[in-house]
1. Rounded, prolate or oblate: which fits the stretch 216-260 when a ≥ b ≥ c are the square roots of the eigenvalues of the alpha-carbon gyration tensor, with rounded for a/c under 1.5 and prolate only if a/b beats b/c?
2. For M141, list long-range residues whose amide hydrogen, built 1.01 Å from N in the peptide plane, is under 5 Å from its own amide hydrogen.
3. Taking a probe of 1.4 angstrom, what is the accessible area of T218 in Å², to the nearest 10?
4. Suppose R0 equals 41 Å. What FRET efficiency, 1/(1 + (r/R0)^6) with r the Cβ-Cβ distance, do D79 and Q173 give to the nearest 0.05?
5. Quick one: 3J(HN,Hα) in Hz for the stretch 79-89, Karplus 6.51/-1.76/1.60 with θ = phi - 60°, rounded, Gly and Pro as x.
6. Quote to one decimal, in nm, the extra length available between R48 and T92 on full extension: 0.36 nm per residue of separation minus the C-alpha distance between them.
7. Grab the Cα-Cα distance for T193 and I138, subtract it from 0.36 nm times how many residues apart they are, and report the gain in nm with one decimal.
8. Restrict the search to the stretch 182-271; then list the chymotrypsin sites (Phe, Trp or Tyr not before Pro) that DSSP places in a loop and that have at most 15 other Cβ atoms within 10 Å of their Cβ.
Amino acid sequence: MGRPPIPSQQYGYRLNLVLDFIDSHLDGDLSLEALAAQAHFSRHHFLRVFQDWYGEAPMAYVRRRRLEAGATLLRYSDDHVADIALRCGFDTADGFGRAFRQYFGATPTRWRQEVRAAAANPPAVAGWPALRPWPVRIEQMPDVRVAYTRRVGAYGEASAAQWHQLADWMQRQGLGALTRYGIGLDDPGQTPTAKCRYDVCVALPDSFEPPPRTPIKTLPGGPHAVLSYAGPPQGSGAAWVWLLLDWLPRSGHQLAPRAAFERYPAALPDPGAQAQDCELCVPLMVAGGL
């Protein structure tokens with residue numbers, strides 16, 4: 001399934017900014033009025049346009065994203081349920097627990113126990129390393145300003161076309177070889193396939209001024225676990241499984257509440273090509289903060 005219909009290119013640009021705002025303010029004011037202000041729409045107009053564009057009411061989307069973020073924290077952190085509830089915008093642990101059970105079919109504590117038990121026995125994946133694990137290093141990354149294009153739907157579908165779209169845009173802007181990123185913003189194990197968002201991005205030079213309404217955002221820096229992968233796309237799936245379900249629990253690190261991503265250094269092949277040489281990057285928590 002492709003991206004939901006967009007009333008206009010300008011509307012799509014504004015509404016994607018709202019989605020990014022929600023992800024970075026899950027514990028803040030995400031009222032209908034606040035979101036409409038981000039899109040520079042009236043409350044009534046925003047409600048109608050968002051529903052038509054995304055096939056989901058704004059407040060239903062906010063609720064779902066808060067619960068999905070809570071599920072990620074339950075899976076990859078040891079934080080108390082009450083702390084996770086507050087970080088995801090719920091006033092009380094009880095309120096979070098009721099909403100979580102209604103959405104995922106289990107209490108937060110039971111859900112955490114079940115997914116961790118499953119992670120202790122990861123599924124067999126084609127390309128799983130038979131002799132030794134991949135080497136992983138910890139890298140302190142800076143914030144990066146990127147231009148991006150977004151697709152909504154199942155991961156992997158039409159991804160080559162999305163990368164070529166970015167390459168064509170870079171060529172029109174006179175940009176040479178630059179670092180690029182592929183970011184799955186949602187966990188397909190928790191988010192409906194038709195709602196999964198995938199961004200392909202390019203790091204922009206400090207001196208570059210993008211054309212008006214170019215989608216721009218900043219990828220947060222900080223410590224990341226980095227696995228260098230070289231091989232076919234099906235093998236990178238195995239590397240992701242190993243990194244998240246095997247290496248991360250044994251490493252003593254915790255996943256930060258931000259999206260993991262694939263990084264393609266400027267010297268590496270076109271991400272749209274068959275070979276998927278890249279670096280798998282997982283954001284990590286730091287002591288006393290994010």
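The values are calculated or read from the model by the stated rules, or taken from the named source; none is laboratory data. Remember, predicted model here, so these are calculated numbers, not experimental data. Please note: Cβ atoms are built from the backbone with ideal geometry, for glycine as well, and neighbour counts cover all protein chains shown. Keep in mind that these areas ignore ligands, DNA and RNA; they rest on the heavy atoms of the full protein, side chains included. Shrake-Rupley method; radii C 1.70, N 1.55, O 1.52, S 1.80 Å.
1. Oblate.
2. Those lying under 5 Å, H to H, from M141 are G222, H224.
3. Here the accessible area works out near 80 Å².
4. 0.45
5. Ordered by residue, 3J(HN,Hα) equals 5, 5, 4, 5, 5, 5, 4, 5, 5, 9, x Hz.
6. Computed gain between R48 and T92 is 12.8 nm.
7. 16.7 nm
8. Here the chymotrypsin sites (Phe, Trp or Tyr not before Pro) that fit, given the DSSP loop and packing criteria, are F208.
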